[in-house]
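Working notes, beginning with the structure itself.
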Amino acid sequence: MDKDIRGKVAIVGIGHTAQGELPGQSPELNSVLAIKEAMRDAGIDRSALDGLITCKSVQGTNTDCQVGPLLGINPRYAQTLDYGTCNFSIHLAVQAIVTGMADTVALCYGANARTAKFPFGFTAPTLAGASGLMHVGGPAALALQRYKSLYGMTDEEFGYIAVGAREWARRNPVALFRDPMSMADYLAMDYLIEPLRRPDLTMISDGGVALILTSAERAGDFPNKPVYILGMSEASQIRGEFTPSYLDREFLGLASQQIWNSTGMTQSDIDLLYIQDPTAFWVLQMIEHFGFAPLGEGGKWLAEGHTLPGGSLPLNTNGGQLSECYMWGWMHIVEAVRQLRGVAGPERQVSGAEIAMYLSTQTWFKGGASIISTHKG
């Protein structure tokens, strides 16, 4: 069986709602509104869709059986992922298209967690009695504290993730957090969960995001420049905290090896990097696990300015989840497509960018990677 998916599937439409507070709009409505924007971008109507993949909202709704009827479609292929983070949704869509189960697939995520005041606290089975571990920020802070102890990273070095996200967000009219934030401002803030400060953790927001994917053979029929999937990978440690050193998320190294080996590409081929960032520490881990900086040296690498505007590897040029919005990483792909099309706007467009990489995770359980480009190979 041919395992090479390079250039066989393309993103031909992107769309999203406003982000922030959308009172009265359900996750399903936000998804439908986003799909309509993506169809408009792709120059199609709903009759062209024979596939639908929805990502459950944080509330556990937004299923295909809810979104499809609201959109008025009855596609021959329909699925819902519990945690799509766009990467996993893209990978499922690629598999559906290359196997002939669908030709043109809409992918979507919708949420109203902010106006619904969804409680984000949780209790992991073996951590129930541990103070501060009731939210993803608790385990992330614990892992960061261990990392700092092992490698001596400073708060200032780590701060380049949040400060850089804000610098990019200031150039993005969609972003929710656009107030200036210098390194001095960042360091002056109190810890929220030591050693994490407020800008090191995502906000909560409402909204919807959608993509349209189709086969490479059909991609030329759409009005905008297609963005092709060059490679993808996934790895997991679904035993979670029962895995030794689970907070180090070493399993991400397997996803890294897989995508570099399967594509024959290297880190130097990547022009733009997008990392799903519910916490800034997940960003640092993925930078290292995917080989952009050596283990333990990510802080020094960040401090050299690589990911900032004008740097050698722009990171989360939309501001990411730390400063743009909280859409489980879906807006990262929308931004990557805009950058590759060359339509991100004069203030944040990265000149000459041709290849982007998107990395996402479900906390410490699973992770995935995608490489996309306007070129097929």
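The values are calculated or read from the model by the stated rules, or taken from the named source; none is laboratory data. This structure is a prediction, so every number in the text was calculated from the model and none was measured. Note that we place each Cβ from the backbone using ideal geometry, even for glycine, and neighbour counts take in every protein chain shown.
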> Can you tell which of 31, 89 is in contact with a Leu (Cβ under 7 Å, 6 or more places away or on another chain), within 26 Å of residue 366 (Cα to Cα) and of a type in the set (Ser, Thr, Tyr)?
Replying inline: 89
>> Quick test of your reading of the structure: residue 205 fulfils all but one of (1) surrounded by 20 or more Cβ atoms within 10 Å (Cβ to Cβ); (2) under 25 Å from residue 313 (Cα atoms). Name the failing condition by number.
In response: (2)
>> Considering only residues that are modelled with pLDDT of 95 or more, within 17 Å of residue 115 (Cβ to Cβ), among the small types (Gly, Ala, Ser) and under 18 Å from the mean Cα position of the chain (by Cα), which ones fall in the stretch 11-64?
In response: 18, 20, 31, 34
> Within the stretch 292-307, is there a residue that is part of a helix (DSSP H, G or I), charged (D, E, K, R) and within 18 Å of residue 376 (Cα to Cα)?
Replying inline: no
> Inside the stretch 291-343, can you point out the residues that are closer than 20 Å to residue 144 by Cα and basic (Lys, Arg)?
Replying inline: 300
> Taking only pairs six or more apart or across chains, which ones have beta-carbon atoms under 8 Å, a first residue in the stretch 145-158 that is under 15 Å from residue 302 (Cα atoms) and among the acidic types (Asp, Glu), and a second residue that is at pLDDT 95 or above and in a helix (DSSP H, G or I)?
Replying inline: 155/187; 156/183; 156/187; 156/303; 157/299; 157/300; 157/302; 157/303
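Residues checked against (1) surrounded by 20 or more Cβ atoms within 10 Å (Cβ to Cβ); (2) closer than 22 Å to residue 143 by Cα:
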site	(1), (2)
220	no, no
224	no, no
228	yes, no
235	yes, yes
244	no, yes
248	no, yes
> Taking residue 73, is it farther than 30 Å from residue 203 by Cβ, free of Cβ contacts under 8 Å to residues at least 40 places away in the same chain and part of a loop (DSSP other than H, G, I, E, B)?
Replying inline: yes
> Given the structure, is residue 96 closer than 24 Å to residue 262 by Cα and either in contact (Cβ under 8 Å) with a residue 12 or more places away in the chain or touching a helix residue (DSSP H, G or I) at 6+ places or on another chain (Cβ under 7 Å) (or both)?
Replying inline: yes
>> Looking only at residues that are among the small types (Gly, Ala, Ser) and assigned to a loop (DSSP other than H, G, I, E, B) in the stretch 159-202, which one is nearest to residue 135 (Cα to Cα)?
In response: 175
>> Just to verify a result, which residue in the stretch 23-47, among those that are polar (S, T, N, Q) and surrounded by 18 or more Cβ atoms within 10 Å (Cβ to Cβ), is nearest to residue 73 (Cα to Cα)?
In response: 31
> Just checking, which of 287, 333, 275 is touching a Cys at 6+ places or on another chain (Cβ under 7 Å), of a type outside the set (Gly, Ala, Ser) and within 29 Å of residue 111 (Cα to Cα)?
Replying inline: 333
> Could you say whether any residue in the stretch 263-272 is assigned to a loop (DSSP other than H, G, I, E, B) and under 24 Å from residue 140 (Cβ atoms)?
Replying inline: no
> Would it be correct to say that residue 101 is at pLDDT 95 or above, of a type in the set (A, V, I, L, M) and in a loop (DSSP other than H, G, I, E, B)?
Replying inline: yes
> How about the stretch 351-364: which of its residues are touching a strand residue (DSSP E or B) at 6+ places or on another chain (Cβ under 6 Å), more than 20 Å from residue 226 (Cα to Cα) and of a type outside the set (A, V, I, L, M)?
Replying inline: 360, 361
> What number of residues within the stretch 337-348 are over 18 Å from residue 212 (Cα atoms) and either buried (at least 17 other Cβ atoms within 10 Å of the Cβ) or within 16 Å of the chain's Cα centre (by Cα) (or both)?
Replying inline: 2
>> Quick check on my filter: what residues within the stretch 349-366 are surrounded by fewer than 21 Cβ atoms within 10 Å (Cβ to Cβ), assigned to a loop (DSSP other than H, G, I, E, B) and of a type outside the set (Gly, Ala, Ser)?
In response: 349, 350, 354, 363, 365
